[in-house]
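Below: one structure, written as structure tokens.
The values are calculated or read from the model by the stated rules, or taken from the named source; none is laboratory data. What you are looking at is a predicted structure, and each value in this text was computed from that prediction instead of being measured. Neighbour counts run over all protein chains shown; Cβ positions are idealised from the backbone, glycine included.
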Amino acid sequence: MDVEITSLALVNNTLTKVAMFVVVQALVYLILSSSSSLFSRNKLRSLNSFRPIRSASINRILAVISDLPTSSTAADQPSPRT
């Protein structure tokens, strides 16, 4: 008898959690659909909503990367001749 009550309580607890998850997901969908163009029917407009990356920023990042020292050892470098 105790096993049946425990398993019934476990099933009830699981169903409650699943129902709450569905409710929260529905609320998130409603909030996002009303406040953003994420779920809009006009896909072209939503694709243009992201700003393109500026080439100056990319040039700065590449300049920083090119200025980093390489991890070469003394054996890799040629010895100076005198």
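Here is how the numbers come out for the structure above:
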| quantity | calculated |
| --- | --- |
| Test for Ser7: is it modelled with pLDDT under 90, within 21 Å of the chain's Cα centre (by Cα), of a type outside the set (A, V, I, L, M) and not in a loop (DSSP other than H, G, I, E, B) | no |
| Any hit, segment 17-33, residues being outside any loop (DSSP other than H, G, I, E, B), modelled with pLDDT under 85 and surrounded by fewer than 10 Cβ atoms within 10 Å (Cβ to Cβ) | no |
